[in-house]
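Enquirer: I have a structure I would like to understand better, so I am pasting it below and will then ask my questions one at a time.
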Amino acid sequence: MEELKELYQQVILDHNKNPRNFGELPTCNRHAEGHNPLCGDQIEVFILVDEDTGKIEDVRFKGAGCAISKASASIMTTLLKGKTIEEARKLFEQFHKVVTSDPSSNTDVINLGKLAVFCGVREFPARVKCASLAWHTMLNALDNHTTTKVSTEQL
Amino acid sequence: MSNIDERLLEIRQDFPVLNRLVYGKPLVYLDNAATTQKPKCVISAISDYYLNYNSNIHRGVHRLSQEATDEYEKSRKIIKEFINANNTNEIIFTRGTTEGINLVAHSFVRPRLSKGDEILITYMEHHSNIVPWQIVCEETGAKLVVAPINDAGELIFEEFEKLLTERVKFVSVVYVSNSLGTINPIEEIIKKAHSKGIPVLIDAAQSIQHMKIDVRRLDCDFLAFSGHKIYGPTGIGVLYGKDEHLDKMRPYQGGGDMIKSVSFVRTIYNDLPYKFEAGTPNIEGAIGLGKAIEYVNQIGFDFIIEHENQLLEYAQEKLSEIDGLKIIGTASRKASVVSFVLENVHPHDVGTMLDVDGVAVRTGHHCTEPIMRRFGVPATTRASFAFYNTKQEIDILANSIQKVIKMFS
Ligand SMILES: Cc1ncc(COP(=O)(O)O)c(C=O)c1O
C-alpha cells in the first residue's frame with residue numbers, strides 16, 4: 001500500500017531505530033514534557049538556548065512512543081540545532097502545515113526539505129497527533145522558561 | 001464444512017457492515033470489546049420506531065405515545081428475563097456502564113460513607129470503575145483500596161480477602177477485564193463480601209455479551225452493562241439493582257418522569273424504576289437494545305461460548321507462534337480478548353499497519369492505565385472476538401502481524 005510506505009519511509013524507520021539526540025541535556029535552560037493520553041506516548045524535550053544570540057545551541061529528547069512520534073522528535077532535533085527561536089517557530093508552523101494539509105493538495109515537496117518525510121502522515125489523521133507531540137512540546141519549552149507539561153488533548 | 005462454519009456464514013449475513021471493504025480489503029473487525037457491530041434487526045427496530053411510531057413515552061394519551069411506551073417497556077421486560085432479575089423495577093435504563101456505576105456511587109454508596117471507610121476494587125478495573133469511586137472518596141474522606149493481580153493478570157484472591165476488612169463499605173469489581181480478558185471468580189467474590197455484609201457491584205460491560213448472567217444466582221447487589229457491547233446501540237445501558245436497595249436510594253438526577261407530583265413545597269418521587277430515569281430517555285436505544293438481546297437469545301449462549309472459545313484458543317495458538325510477540329493477560333479463565341505487544345514495535349504502529357490490511361484492532365491503554373503500568377508496557381494491541389468472527393480472520397491478523405515485524409526488523 002503506497003500510503004503506508006510513505007508513512008513509514010526508510011527515514012522514519014531509521015530515526016525510530018536510531019534516534020538522534022536521544023537522552024537528557026543537564027545543561028538545558030528550556031524544558032517541557034509532552035503527553036498523548038490516547039496512546040500513552042510520553043516525551044521530554046530539553047533545549048539549551050544561548051541567551052545572547054537567541055540561538056538553539058543544543059537540543060535533546062527522551063521518551064517512549066510509537067515510530068512516528070519518536071522519528072518526528074528525532075528529525076526535529078536535527079533540524080533545530082543552530083536555529084534561532086524565531087526560526088524554530090517558523091519551522092513548527094511549516095511542519096504543522098505539512099501534517100494537517102489536505103493530502104490531495106499539491107505540496108511543494110522541494111521546498112519542504114527534510115520536512116517532506118512527514119507528508120505521509122496526512123493520509124492517517126489518527127497519527128497526526130503522534131507526529132505533532134514533539135513539536136508542540138518543543139514550542140512549549142521555548143515559550144516557558146520553566147518546566148511545563150503539554151497534552152495532545154489540549155491542542 | 002462443519003456446522004459452525006455454515007451457521008457462521010448465515011450469522012455474518014445479519015451484519016451488513018462485515019461485508020465492506022477497508023482500503024480495498026475485506027473488513028476484519030476485531031475490536032468488539034470497544035463496541036460490537038449491529039445486526040440488521042436492531043437497525044430496523046430503530047428505524048421502525050422513527051418511521052412509524054416516534055413519540056415521547058409515559059406522557060401522551062395518544063396512540064403513538066402508547067406504542068412507544070409499550071415497546072420501551074417491552075425492552076425492559078426482555079432485559080429482566082435475560083439477566084433473570086426478580087422484576088422489571090430492578091432494570092434501570094442508563095446511558096451505559098459508566099452512568100450505572102456513577103449512579104450507584106452517588107445514590108447508594110456516597111450517603112453511607114464516612115471518613116476512614118473503604119471501597120474495594122481490583123487492579124484490572126476500567127477507568128469508569130475507578131474514577132467515580134475516587135470522586136466519592138474525595139468528597140467523604142473514604143479510601144479507595146485496590147486488590148492486586150498476578151503476572152497472568154488474575155486477581156490474587158487471598159489478597160482480596162485480606163483487604164476485605166470491616167472498614168470496607170462497598171466492593172465494585174469487573175467481571176471480565178477489557179484489556180486482559182481475565183474472567184474474575186465473581187461468585188466467590190460476592191460470597192466473600194456478603195459473608196461480611198458488604199454489597200457488591202459487578203461491572204458486566206465485557207461479560208454480558210459472552211456468557212449467561214443470572215443476577216439472582218450471582219446474588220450481586222448491582223450490575224451494570226452497556227448496550228453497544230452486546231450488539232445494541234450506543235447511548236443506552238442497564239443498571240440492575242436489587243429493589244430493596246433501589247427503593248431506599250435517593251434519586252441520581254431530578255426532572256421529568258422521575259416524579260409523582262411536584263410543588264414548590266414538596267416533590268414526591270416516582271416509583272421504581274422511573275425514580276432513576278429523569279428526563280426523556282433514549283427511547284430508540286432501549287428499543288434497539290431489547291431487539292439486540294432477543295437476537296443474542298436467538299443465537300444462543302451455547303453457540304456463542306463454544307465458538308468464541310474456539311476463536312480464543314486458535315488466536316492464542318496462532319499469535320504465540322509469532323517470534324517477538326508477547327501476550328499480555330494469560331489467565332486460566334479468559335473471554336475472547338487477546339492483548340499483545342511486539343518487541344520493538346509500538347502498538348500504535350501495529351494498529352496503523354493492520355488497519356491498511358483491513359484489520360481493525362484497538363491499540364492504546366484501553367482505559368486501564370494501571371494495568372499497563374502493572375505490566376510495564378505503555379500500551380497494547382488488542383484483538384477482541386465476537387461470535388461472528390472466523391478463524392480465517394485470525395489467520396489474516398497473524399499474517400498482517402508478520403508483515404509488521406518484517407517491516408520494522
Ligand atoms: C470493563 C469495562 N467497564 C466499563 C466500560 C465503560 O463502558 P461505557 O463506555 O459504555 O460506559 C467499558 C468500556 O469499554 C469496559 O470495557
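The values are calculated or read from the model by the stated rules, or taken from the named source; none is laboratory data. Worth saying up front: this structure is predicted, and the values here are computed from it rather than measured. Note that each Cβ is placed from the backbone with ideal geometry, even for glycine, and that neighbours are counted across all protein chains shown. Heavy atoms of the whole protein, side chains included, go into the accessibility calculation; ligands, DNA and RNA do not. Shrake-Rupley method; radii C 1.70, N 1.55, O 1.52, S 1.80 Å.
Enquirer: Counting residues in the stretch B:32-122 as N, plug N into 2.2 N^0.38 Å and put the Cα Rg over that result.
Expert: Values: Rg = 17.9 Å, N = 91, 2.2 N^0.38 = 12.2 Å.
Cα Rg divided by the expected 2.2 N^0.38 Å: 1.47.
Enquirer: Let me ask something else. Would you work out the Kirkwood radius for the stretch A:2-149? I mean one over the mean of 1/r across all pairs of different Cα atoms, in Å. List each step's numbers first, then the result.
Expert: Numbers: mean 1/r = 0.0656 Å⁻¹.
This gives a value of 15.2 Å.
Enquirer: Place a +1 charge on the Cβ of each Lys and Arg in chain B and a -1 charge on the Cβ of each Asp and Glu, then give the dipole magnitude about the Cα centre in debye, rounded to the nearest 20. Display every interim value, and only then the final one.
Expert: Numbers: 45 positive and 52 negative charges, 186 e Å.
The calculated dipole for chain B is roughly 900 debye.
Enquirer: Within straight cross-link reach of A:Lys97, meaning Cα distance under 23 Å, which lysines are found once same-chain residues fewer than 8 apart are removed?
Expert: Answer for A:Lys97, where 23 Å is the Cα cut-off: A:Lys5, A:Lys70, A:Lys81, A:Lys83, A:Lys114, A:Lys129, listed by chain and number.
Enquirer: Which value, in debye to the nearest 20, gives the size of the charge dipole of the stretch B:348-409 about its Cα centre, when Lys and Arg are +1 and Asp and Glu are -1 at the Cβ? Kindly include the intermediate steps, with their values, before the conclusion.
Expert: Working: 7 positive and 6 negative charges, 45 e Å.
The calculation lands at about 220 debye.
Enquirer: Here is a follow-up. With a probe of 1.4 Å, find how much accessible area the protein assembly as shown has per residue, and write the answer as a whole number in Å². Could you put the intermediate results ahead of the total?
Expert: On the way: 24000 Å² over 564 residues.
I get 43 Å² per residue for this part.
Enquirer: Moving on. Anything losing 20 Å² or more of accessible area from the isolated chain to the full protein assembly: pick those residues out of the stretch A:1-38, probe 1.4 Å, ligands and DNA/RNA ignored.
Expert: A:Met1, A:Leu4, A:Tyr8, A:Leu13, A:Asn16, A:Lys17, A:Pro37, A:Leu38
Enquirer: Can you divide the C-alpha Rg of the stretch B:44-298 by 2.2 N^0.38 Å and report the result to two decimal places? Before the final figure, lay out the partial values.
Expert: Values: Rg = 18.6 Å, N = 255, 2.2 N^0.38 = 18.1 Å.
Relative to the 2.2 N^0.38 Å estimate, the stretch B:44-298 comes out at 1.03.
Enquirer: List the aspartates and glutamates whose alpha-carbon lies under 17 Å from that of A:Lys55, not counting same-chain residues fewer than 8 positions away?
Expert: Qualifying aspartates and glutamates at Cα under 17 Å: A:Glu86, A:Glu87, A:Asp143.
Enquirer: Quick check: at a probe of 1.4 Å, how many percent of the accessible area of the stretch B:47-190 sits on carbon and sulfur atoms? Write down the numbers at each step before the final one.
Expert: Details: 2860 of 5920 Å².
For the stretch B:47-190, the apolar C and S fraction of the accessible surface comes to 48 percent.
Enquirer: So for the protein assembly as shown: antiparallel DSSP bridges make up what percent, rounded to the nearest 5?
Expert: On the way: 46 of 69 bridges.
Once the DSSP bridges in the protein assembly as shown are tallied, antiparallel ones form about 65 percent.
Enquirer: Same structure again: Which peptide among A:48-58, A:112-122, B:375-385 comes first, and what is the full order, when sorted by highest mean count of other Cβ atoms within 10 Å?
Expert: Numbers: A:48-58: 14.5, A:112-122: 19.4, B:375-385: 23.8.
Per-residue mean Cβ counts within 10 Å order the peptides as B:375-385, A:112-122, A:48-58.
Enquirer: Let me ask you something else. How big is D for the stretch B:75-214, in µm² s⁻¹ as a whole number, if Stokes-Einstein is applied with the Kirkwood radius of its Cα pairs at 4 °C and 1.567 mPa s?
Expert: Rounded, D is 83 µm²/s.
Enquirer: Hey, another quick one. Tell me, what are the semi-axes, in whole angstrom and largest first, of the equivalent ellipsoid of the protein assembly as shown as set by the roots of 5 times the Cα gyration tensor eigenvalues? Let's see the in-between values first.
Expert: Values: eigenvalues 402, 168, 123 Å².
So the three semi-axes of the protein assembly as shown are 45, 29, 25 Å.
Enquirer: In addition: Give me the summed buried accessible area for the B-A pair, 1.4 Å probe, to the nearest 100 Å².
Expert: 1400
Enquirer: Also, I was wondering about something else. Could you tell me how many cubic angstrom of Cα convex hull volume the stretch B:79-140 has per residue? Could the numbers behind the result be given before it?
Expert: Numbers: hull volume 7.1 nm³, N = 62.
Dividing the Cα hull volume of the stretch B:79-140 by its residue count gives 114 Å³.
Enquirer: Indicate the residues belonging to the stretch B:360-383 that lose 10 Å² or more of solvent-accessible heavy-atom surface (probe 1.4 Å) upon moving from the chain alone to the assembly of all protein chains, ignoring ligands and nucleic acids.
Expert: B:Gly364, B:His365, B:Glu369, B:Pro378
Enquirer: With runs of 4+ DSSP H residues as the only contributors, calculate the mean residue ellipticity of the protein assembly as shown at 222 nm using -39,500 (n - 2.57) per run, divided by the residue total and rounded to the nearest 500. List each step's numbers first, then the result.
Expert: Values: 20 runs with 219 residues, N = 564.
Only helices count here, giving -11500 deg cm²/dmol.
Enquirer: Report, as an integer, the average count of C-beta atoms from other chains found within 10 Å of each Cβ along B:337-349. Could you put the intermediate results ahead of the total?
Expert: On the way: counts 0, 0, 0, 0, 0, 0, 0, 3, 3, 12, 3, 14, 13.
Going residue by residue through B:337-349 and averaging, the value is 4.
Enquirer: While we're here: Expressed as a whole number of Å, what is the distance separating the alpha-carbon centroids of the stretch B:296-346 and the stretch B:365-403?
Expert: After rounding, the separation between the Cα centres reads 8 Å.
Enquirer: Can you tell me the order of B:124-131, B:44-51 when each peptide is scored by its average per-residue count of other Cβ atoms within 10 angstrom, highest first? List each step's numbers first, then the result.
Expert: Details: B:124-131: 21.2, B:44-51: 15.4.
Averaged packing, sorted descending, gives the order B:124-131, B:44-51.
Enquirer: Let me ask you something else. Quick one: work out the % antiparallel among DSSP beta bridges in the stretch B:44-298, nearest 5.
Expert: Details: 14 of 29 bridges.
Taking every DSSP beta bridge within the stretch B:44-298, about 50 percent pair in antiparallel fashion.
Enquirer: Kyte-Doolittle cut-off 0.0, length cut-off 15 Å along the helix's own axis using Cα: show which whole DSSP H helices in chain B pass. Present the calculation step by step, with values, prior to reporting the outcome.
Expert: Working: long enough: B:3-13 (16 Å, -0.90); B:63-82 (28 Å, -1.39); B:283-299 (24 Å, 0.54); B:301-320 (27 Å, -0.47); B:391-408 (26 Å, 0.14).
What comes out of the filter, once short or polar helices are dropped, is B:283-299, B:391-408.
Enquirer: Take the alpha-carbon centre of the stretch B:102-145, take the same for the stretch B:195-224, and report the distance between them in whole Å.
Expert: About 18 Å separates the Cα centre of the stretch B:102-145 from the one of the stretch B:195-224.
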